[in-house]
Amino acid sequence: MEDIVDWSFTREWINTNPLDTPCSAKLSKIQGNKIKKLNFAHPTIDIQQRNYPRLYPRGIIPCVECNSAKDNNEHIGLCTAHTTIITQLISDASDILLTLMLEETAEQNYALRNTIKESKLFDISFELFLFKDHPFYLLIHHLVPKDLTDIFYNYIPKKKKRFEIFIKFMNIIMANIDAHIWTLLKIKRNFIGKTTIQIMIVRIRTRTSIDKEIILVINIIPIFPPLIIAVVVSLITTPIFDGRRVIFYIRVLENHIEIEFGSI
Ligand SMILES: [Zn+2]
C-alpha cells in the first residue's frame, strides 16, 4: 500500500476544514471519522461485537447488503451488492475531475481527457466486484491513490492551485462515496444491534402434548424505514424467556426482517 498511496495528499485531505470555524468539536468528528476509515477501524459489525458484546449476537454476522461475506472494514468497497453503485461513482468521479481540471487547463483538453480515460483509477472493466488493488478501493477508504495525484502533478504545475482543485474534487466525490456506501451501511447495520422484537405471549393453551395454540403479540421497535416481516428462518440466538416476554435479535435484509424462532 505504501507505494500506491500518496500520503502527502492523504494528509491534506484528512486535515482539510470544510467548516467556517478554525476548530470545533464538529471538525474533530469529521476528521476522526476519516481517520477511522483509512485505518480500517470504522465501527463495522466485527468491531461492534468486540466493543459491545452484550448488544450483538455472537458468531459471524454477515454484511447487511450481500449477506454472504463477513461485515468488516476490508469488505467495504468489495461487496457484490455495491458493484453497480461503485461503477456509477467511478464514472461520475471521472466526469467531475475532467470538469474541474478543464477550468484550469482548458488548452490541454484532449490530452487530459485521454489521461483520465486511461487512468487505472477510473477503470470500470471489473465484473463481479471491485478488487482490492483497484485505486478506487483506496479512495473509498479515504486513502488518496497516486493514480489520482499523478494526474494533478501532470496538469497543474502550481502547488496551491493543485491542492485547491484536489480538495474541491475530494469534497464532491467523498460526499457521494460516504452517502452511497458508508452511511447507508451504517444505517442498515444499526438495526442489527438495536432492533429487538418483543414477543408477548398472551396465551398458551395446550390441547395435547404436541398440539399447542399460541397467541402472540409482536412489537417491533424501532422501525425505520418501514419494514416488512417476511420470512421465518434459522436461529441466530436462543430466545430469552423473561416471564411472559421473549426477546431476541433479528437480522434485517433490505426491506425484510428475518425472524428467528426457537421452539416455544
Ligand atoms: Zn457485502
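Kindly put Asp20, Asp46 in sequence by how many other C-beta atoms sit within 10 Å of each C-beta, fewest to most. Before the final figure, lay out the partial values.
Details: Asp20 6, Asp46 17.
Least crowded to most crowded, the residues run Asp20, Asp46.
Comparing Thr44, Ser8, Ile167 along the charge dipole axis of the range 7-192, the residue lying farthest to the positive side is Thr44, per the Cβ-charge model. Modelled label positions at Ala25 and Ser125, each set 7 Å beyond Cα in the direction of Cβ, lie 5.1 nm from each other.
If you take the square roots of the eigenvalues of the alpha-carbon gyration tensor of the range 7-192 and sort them as a ≥ b ≥ c, do you get rounded (a/c under 1.5), prolate (a/b over b/c) or oblate? If you can, show how the numbers build up before the last one.
Working: a/c = 2.72, a/b = 1.55, b/c = 1.75.
Oblate shape, in that a/c is at least 1.5 and b/c is the bigger or equal ratio.
Pairs exceeding 22 Å between alpha-carbon atoms, taken from Lys36/Lys117; Lys146/Lys168; Lys29/Lys186; Lys29/Lys158; Lys37/Lys158: Lys36/Lys117; Lys29/Lys158; Lys37/Lys158.
Taking R0 as 30 Å, what's the FRET efficiency between Leu102 and Asn15 from their Cβ-Cβ distance, rounded to 0.05?
Working: r = 27 Å, r/R0 = 0.90.
That pair, Leu102 with Asn15, gives E of 0.65.
Computed from the coordinates by the stated procedures, all read-outs in this text should not be read as laboratory data. From a predicted model like this one, the values you see are computed outputs, not experimental measurements. FYI the Cβ positions are ideal-geometry reconstructions off the backbone, even for glycines, and counts take in every protein chain you see.
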